[in-house]
Amino acid sequence: MGMSLPKFLQVYVPSYDLSNLDKTEHGVSRELITQVLNLGDEKAVSWVFHNFTPSEIKSVVKNPQKGVWNEESLNYWKQILKIKKISGYEAALTNIYPVRFIKTH
């Protein structure tokens, strides 16, 4: 296991114990990059860009996790990273207004 992750990242992955995470594991790196680019402050974003390669970061944005991105963040990073097309764009967005099923008779 690599060095422990900085404590300031905890707010971006609250359901994880940072001391048990290894940023080199694919699932961990993907989650950290996603959450920080989606919600992070300047310090956290800087940490991501110093700890992951540009291709790793670009891959996470180009192939986003479903249902976790806010639209403004995804569009911002698409522009910054010069990504032409995001795979599964609509599915990647967090829906704060879910469709409610109404029972009709």
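The selection criterion, being more than 20 Å from Asn70 (Cβ to Cβ), assigned to a helix (DSSP H, G or I) and out of contact with any Cys (no Cβ under 6 Å at 6 or more places or on another chain), does not hold for Ser4. Report yes if some residue within the range 32-41 is among the acidic types (Asp, Glu) and assigned to a helix (DSSP H, G or I); otherwise report no. No, every residue in the range 32-41 fails to be among the acidic types (Asp, Glu) and assigned to a helix (DSSP H, G or I). A residue that is over 12 Å from the mean Cα position of the chain (by Cα), surrounded by fewer than 18 Cβ atoms within 10 Å (Cβ to Cβ) and modelled with pLDDT of 95 or more cannot be found anywhere in the range 15-36.
Total residues in the range 77-98 satisfying the condition of being closer than 20 Å to Val13 by Cβ and part of a helix (DSSP H, G or I): the figure is 2.
Checking the structure you have, find out if any residue of the range 41-61 is at pLDDT 95 or above, loosely packed, with under 13 Cβ neighbours inside 10 Å and among the hydrophobic types (A, V, I, L, M, F, W, C). No, the range 41-61 contains no residue that is at pLDDT 95 or above, loosely packed, with under 13 Cβ neighbours inside 10 Å and among the hydrophobic types (A, V, I, L, M, F, W, C). Among residues of the range 15-42 that are closer than 21 Å to Leu93 by Cβ, those with a Cβ under 8 angstrom from a residue that is among the acidic types (Asp, Glu) and at pLDDT 90 or above, sequence gap 6+ or separate chain, pair up as Ile33/Glu56.
The values are calculated or read from the model by the stated rules, or taken from the named source; none is laboratory data. Being a predicted model, the structure only gives us computed values, none of them experimental. Using ideal geometry, Cβ is built from the backbone for each residue, glycine included, and neighbour counts are taken over all protein chains shown.
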